[in-house]
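**Student:** Here you go, one structure.
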Amino acid sequence: MRKSLQVLCIATLTASALSAHAQSTRPGLWEINSKMGGNPEMDAAMAQMQKQMASMPPEQRKMMEDMMAKQGVNISAGAGGGMSMKVCITPEMAARQEMPTQTEGDCTTTITSRSASAMKMNFVCKNPPSTGEGTYTFSGDTAYTMKMVMKSVQDGKPQNVTIDGQGKWLSKDCGSIKPMPMPTK
């Protein structure tokens with residue numbers, strides 16, 4: 001179950017980190033919503049994680065939120081059993097088209113095609129081992145939709161997870177949300 005949650009978190013953060021890789025991205029505060037499916041164990045792990053978060057004592061929940069905030073992510077339960085996160089994209093990130101990347105899991109991402117309105121990519125993560133591919137469709141520099149398929153092995157059994165998501169620009173001011181770390185070269 002713990003490994004399933006690791007895969008879930010890595011997939012979600014990888015998806016969100018890559019979400020704004022459009023030809024031009026508006027800097028500021030972004031909201032990213034994603035819903036995972038295609039795997040009963042992952043669905044159960046997600047439901048359990050959301051239940052645990054909802055029942056946490058306020059001080060423990062604050063500690064967890066603070067830990068995530070240090071990584072540049074504000075995460076909460078989304079509609080319909082999904083996840084919602086807020087991410088800050090700085091003007092420098094937007095200008096370089098180098099979006100924040102997932103620092104957990106030792107992941108490598110390759111953009112396989114890119115146009116003004118779409119991007120296709122694939123990724124490989126070493127810890128836990130997983131691979132995936134995704135397609136992002138952009139609506140200008142303030143919104144996108146995303147579909148991703150991730151493959152991994154859990155307890156010797158192949159696991160497939162689908163992720164459907166969307167991102168939208170909320171404001172030029174990130175407020176208390178700190179930018180995620182930039183990729184190291």
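**Student:** Of the numbered conditions (1) at pLDDT 85 or above; (2) out of contact with any helix residue (DSSP H, G or I) (no Cβ under 6 Å at 6 or more places or on another chain); (3) of a type outside the set (A, V, I, L, M), Ser55 fails exactly one; give the number of that condition.
**Tutor:** Only one criterion is unmet by Ser55, namely (1).
**Student:** Okay, moving on. Looking at the stretch 87-101, which of the residues that are in contact with a strand residue (DSSP E or B) (Cβ under 8 Å, 6 or more places away or on another chain) and at pLDDT below 85 is surrounded by the most Cβ atoms within 10 Å (Cβ to Cβ)? Working first, answer last.
**Tutor:** In the first step, residues of the stretch 87-101 are kept if they are in contact with a strand residue (DSSP E or B) (Cβ under 8 Å, 6 or more places away or on another chain); the result is 87-90, 93, 99-101.
Checking which are at pLDDT below 85 leaves us with 93, 99-101.
Values: Met93: 19, Met99: 22, Pro100: 24, Thr101: 18.
Across the stretch 87-101, the extreme among qualifying residues is Pro100.
**Student:** Among the residues that make up the stretch 173-182, is at least one of them in a strand (DSSP E or B), out of contact with any Gly (no Cβ under 9 Å at 6 or more places or on another chain) and under 23 Å from Ile89 (Cα atoms)?
**Tutor:** Kept after step one, since they are in a strand (DSSP E or B), are these residues of the stretch 173-182: 179.
The next check asks that each one be out of contact with any Gly (no Cβ under 9 Å at 6 or more places or on another chain); those that pass are none.
So far as the stretch 173-182 goes, no, none of its residues is in a strand (DSSP E or B), out of contact with any Gly (no Cβ under 9 Å at 6 or more places or on another chain) and under 23 Å from Ile89 (Cα atoms).
**Student:** If I ask for residues that are of a type in the set (Gly, Ala, Ser), over 15 Å from Lys35 (Cα atoms) and in a strand (DSSP E or B), which ones from the stretch 126-172 would you list?
**Tutor:** Taking the stretch 126-172 first, the residues of a type in the set (Gly, Ala, Ser) are 130, 132, 134, 139-140, 143, 152, 156, 165, 167, 171.
Restricting the remaining residues to those that are over 15 Å from Lys35 (Cα atoms) gives 130, 132, 139-140, 143, 152, 156, 171.
The answer is Ser130, Gly132, Ala143, Ser152, Ser171.
**Student:** Here's something else I'd like to know. Hey, can you tell me all the residues within the stretch 152-174 that are surrounded by fewer than 20 Cβ atoms within 10 Å (Cβ to Cβ) and either at pLDDT 90 or above or within 18 Å of Ser84 (Cα to Cα) (or both)?
**Tutor:** Thr162, Asp164, Gln166, Lys168, Trp169, Leu170, Ser171, Lys172, Asp173
**Student:** List pairs: first in the stretch 91-110 and in a loop (DSSP other than H, G, I, E, B), second among the basic types (Lys, Arg) and modelled with pLDDT of 80 or more, Cβ under 6 Å, 6+ apart or cross-chain?
**Tutor:** So the pair list comes out as Asp106/Lys126.
**Student:** Assess whether Lys126 counts as being modelled with pLDDT under 75 and among the basic types (Lys, Arg).
**Tutor:** In short, no.
The values are calculated or read from the model by the stated rules, or taken from the named source; none is laboratory data. Computed from a predicted structure; not experimentally measured. All Cβ positions, even for glycine, are placed from backbone atoms using ideal geometry, and neighbour counts span all protein chains on display.
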